[in-house]
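A quick write-up on the structure given underneath.
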Amino acid sequence: MLLAIDTSTGTSVAVVDRDQATGELRRLAETGTDDTMRHAEVIGGFIRDALAASGIDRRELSGVAAGMGPGPFTGLRVGIAAAHAFALGIDRPFVPVVSHDAIAWSRYSSGDAGPLQVVTDARRREFAVSEYDGLDGDGLPVRISGPGLVPRGEVPAARGIRFDATIVSAGAIGMLAELAYAARRLPLTTDAPIYLRAPDVTPSAGKKVLR
C-alpha cells in the first residue's frame, strides 16, 4: 500500500494498493488540482485528505512513491521534498517514478496501443516530450526516448498517438510503483529530479572581501 505524490505539472496525491492474492490494483483515494502555481499551499492538505478518504492509517503504508518529473524546478521539488519527508517520518522506503512513465502506463491501461508520445508543458514556450512503444511483459511502459525539452513549435510529429497531459495522476504513479515492486524491477529510476533545465534562481557566488 503506497502514498503517491506528483507535482510535475499540477498537484496530485493518492493512496493505492495491490492485492497480493489477485494482483488487482486499487486506487483507494486520489485528490488534486491542475493549478501549476500553488503546490506548496495545497500539498499538505491533499496528503491529509487522501489518507482520510482512503481510511488508511499512515502506519499501514509500505512506502511513498513520487513523480520525479520532468517538470519545472519550483513545483517539482515541492512534491519530492514532501514525499521524502513523509517516507522518513513513517520509516518507509521512498520510491521514485518518472512522471511521463506513469502517464504512458495510464494511457496504455486505458486502451491505447502502439507508439505514444507524452507531452507536458515545461513553460518558457517549451514542452517536455517522451516517446513510448507499448507495455513490456511485466506491464511496464517501454520508453524509447526522452524525457527531452523541445521548443513548442518543434515537437516532432508523433508516430502514433500524441497525449498532452495537464496533470500527472498520483494514482498512476503509485500503481506503476506497485507493478514494478511485484516484478522486482525497483528502482524504476534514480532518486534525482528530472528538471531538464537549471532553476531560474541560483546561489550567488558572493563578493570578494577586501582587507
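Just so it is clear, none of the values below were taken in a lab; they were calculated from the coordinates. Being a predicted model, the structure only gives us computed values, none of them experimental. Every residue, glycine as well, gets a Cβ built from its backbone with ideal geometry; the counts of neighbours run over all protein chains shown.
Mind giving me the FRET efficiency for R197 and S145? R0 is 22 Å, r the Cβ-Cβ distance, nearest 0.05 is fine. The partial results should precede the final answer.
On the way: r = 18 Å, r/R0 = 0.82.
Efficiency, from the Cβ-Cβ distance: 0.75.
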If you take the beta carbon distance between A158 and S109 as r and set R0 to 25 Å, what does 1/(1 + (r/R0)^6) give as a FRET efficiency, to the nearest 0.05?
0.85
What residues from region 34-72 fall in the zone where the backbone N is under 17 Å from a label point 7 Å along the Cα-to-C-beta line of T189?
64-72
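Per-residue ellipticity at 222 nm for the chain, helices alone: DSSP H runs ≥ 4 residues times -39500 (n - 2.57), over residue total, nearest 500 deg cm²/dmol? List each step's numbers first, then the result.
Values: 4 runs with 58 residues, N = 211.
The helix contribution divided over the chain gives -9000 deg cm²/dmol.
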To make sure I understand, if each residue's beta carbon is the centre and we count other beta carbons within 10 Å, what order do F46, F94, F127 fall in, fewest to most?
F94, F127, F46
From zero outward in steps of 10 Å, how is the percent of C-alpha pairs of region 84-152 spread across the bins?
20, 38, 27, 15, 0
Normalised alpha carbon radius of gyration of the chain [divisor 2.2 N^0.38 Å]
1.05
Tally the DSSP beta bridges in region 2-182 and give the antiparallel ones as a percent, rounded to 5.
70 percent
Which one, G10, A40, I173, is farthest towards the positive end of the dipole of the chain when Lys and Arg carry +1 and Asp and Glu -1 on their Cβ?
A40
Sorting V155, V16 on the 10 Å Cβ count, fewest up front, what's the list?
V155, V16
With a Cα-only, solvent-free Debye model of region 35-83, what are the log10 I(q)/I(0) values at q = 0.28, 0.33 Å⁻¹?
-1.13, -1.28
